[in-house]
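Quick notes on the structure that follows.
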Amino acid sequence: MRLTQGLMISAMAAVGVLGLAGCVDSGAPTGEESAAPETVEFEAGTTMAALNEAGAITIGTKFDQPLFGQVDASGDPQGFDVEIGKLIASKLGIPESGITWTETVSSNREPFIQSGEVDIVVATYTINDERKEVISFAGPYYNAGQDILVLAGNPDNITGPEDLEGKPVCTVAGSTSEANISEYTDQVTSLAGYADCLPLVSSGQVAALTTDNVILAGLADGSGGEFEVVGNPFTEEPYGIGLALEDTEFRMFINDVLEEAFEDGTWADAWEKTAGTVLPLPDPPTVDRY
């Protein structure tokens, strides 16, 4: 079930919008739930009340990004973004079995929110002013930075984006990484997913893959030592939760959920069992209540 601005949206919405996204019904949880649903009540007419009454929420996330959003052998998404989505659902009184996960890629996140294909998007989604013209953001819940992945040993001695001038680089279409790296080189190959870039780096067709450091860390960690991350972030990428434009009550509710999670340790717990298996625990960011 998809609900936006407190109204039920047809399951047929957005078919054909920039390609079809995969959906996964979480079904009965395979283990202990990360966050047990709470018994809560909300003001009538709000998105929170509609979702709570339905007992269901559709969350967009990425299916191909280790540590943040990646499907496992059973087809269930796992990662830090997924845990944040589960936390929001639990505060709405929705069990994990009431979550439908929809695959979102960088290029379809705004269209899926606008059409009601998803209720929220938690998908390494950088908050920026251009996107805020068509959707709203809660958060941030994490601050990343764009970095560079190269072959192990860094044979081209790439230490920052300036070293990529005139060199072929791979990233993902519709991402902030694509726009950022285009300021340094005009040889940008833009693909559907970051993992799609790895064979190009491996074969030497491109000199590097560039995107947010935490995404690259997951890819490098799973490569068996074939790749490494330069470790010199050159942008700030605050990750937010995308939702319908001007749904201020829902945005503020999610901000409240995040701030509570920062304070009570829930956010840290979610990090430690996902991204924290590879990366150190960061300080929680400051929520922007614009």
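Here residue 143 fulfils each of the conditions (1) under 17 Å from the mean Cα position of the chain (by Cα); (2) assigned to a loop (DSSP other than H, G, I, E, B) apart from (2).
State yes or no: is residue 204 over 30 Å from residue 252 (Cα atoms) and at pLDDT below 95?
No; evaluated as a whole, the condition is false for this residue.
For the range 202-251, a residue qualifies if it is without any contact (Cβ under 8 Å) to a residue 60 or more places away in the chain and of a type in the set (A, V, I, L, M), and the qualifying residues are 206, 207. Would you mind stating whether residue 166 is closer than 23 Å to residue 203 by Cα, assigned to a loop (DSSP other than H, G, I, E, B) and without any contact (Cβ under 8 Å) to a residue 60 or more places away in the chain? So residue 166 fits the description; yes.
Run down 56, 21, 44, 36 and say which single residue is modelled with pLDDT of 65 or more, surrounded by 16 or more Cβ atoms within 10 Å (Cβ to Cβ) and either over 18 Å from the mean Cα position of the chain (by Cα) or farther than 23 Å from residue 270 by Cα (or both).
Of the residues listed, the single one that is modelled with pLDDT of 65 or more, surrounded by 16 or more Cβ atoms within 10 Å (Cβ to Cβ) and either over 18 Å from the mean Cα position of the chain (by Cα) or farther than 23 Å from residue 270 by Cα (or both) is 56.
Only one entry of 253, 234 meets the criterion of being closer than 23 Å to residue 102 by Cβ, more than 18 Å from the chain's Cα centre (by Cα) and surrounded by 15 or more Cβ atoms within 10 Å (Cβ to Cβ), and that entry is 253. Among the criteria (1) among the small types (Gly, Ala, Ser); (2) crowded, with 22+ Cβ neighbours inside 10 Å; (3) in contact with a Pro (Cβ under 7 Å, 6 or more places away or on another chain), the one residue 175 does not fulfil is (3). Taking the range 108-117, which residues are farther than 15 Å from residue 62 by Cα and in a loop (DSSP other than H, G, I, E, B)? The one that is farther than 15 Å from residue 62 by Cα and in a loop (DSSP other than H, G, I, E, B): 116.
Of the set (1) over 22 Å from residue 258 (Cβ atoms); (2) in a loop (DSSP other than H, G, I, E, B), all apply to residue 53 but (2).
Within the range 59-84, being of a type in the set (Asp, Glu), touching a residue at least 24 places away in the same chain (Cβ under 8 Å) and outside any helix (DSSP H, G or I) holds for 64, 76.
In the range 181-188 there is at least one residue that is touching a strand residue (DSSP E or B) at 6+ places or on another chain (Cβ under 6 Å), of a type outside the set (Ser, Thr, Tyr), buried (at least 20 other Cβ atoms within 10 Å of the Cβ) and in contact (Cβ under 8 Å) with a residue 24 or more places away in the chain. Taking every residue in the range 277-290 that is over 14 Å from residue 267 (Cα atoms) and pairing it with any residue that is part of a loop (DSSP other than H, G, I, E, B), at least 6 positions away or on another chain, the pairs with Cβ-Cβ distances below 8 Å are 277/67; 278/67; 279/67; 288/127. Note on the range 184-289: enclosed strands (runs of 3 or more DSSP E) holding 3 or more residues that are on the phi < 0 side of the Ramachandran plot and not polar (S, T, N, Q) are 208-212, 227-229, 237-244.
Results for (1) buried (at least 22 other Cβ atoms within 10 Å of the Cβ); (2) out of contact with any Pro (no Cβ under 7 Å at 6 or more places or on another chain); (3) on the phi > 0 side of the Ramachandran plot, shown as yes or no for each residue.
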| residue | (1), (2), (3) |
| --- | --- |
| 79 | yes, yes, yes |
| 102 | yes, yes, no |
| 121 | yes, yes, no |
| 145 | no, no, no |
| 154 | no, yes, yes |
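Could you please let me know if residue 169 is crowded, with 23+ Cβ neighbours inside 10 Å, over 21 Å from the mean Cα position of the chain (by Cα), farther than 30 Å from residue 290 by Cα and of a type in the set (Val, Ile, Thr)?
The answer is yes for residue 169.
Restricting attention to the range 85-107, the residues that are modelled with pLDDT of 95 or more, under 16 Å from residue 175 (Cβ atoms) and part of a loop (DSSP other than H, G, I, E, B) add up to 1.
The values are calculated or read from the model by the stated rules, or taken from the named source; none is laboratory data. Here the structure is a predicted model, which is why all the values come from computation and not from measurement. As a convention, Cβ positions derive from the backbone with ideal geometry for all residues, glycine included, and neighbour counts pool all protein chains shown.
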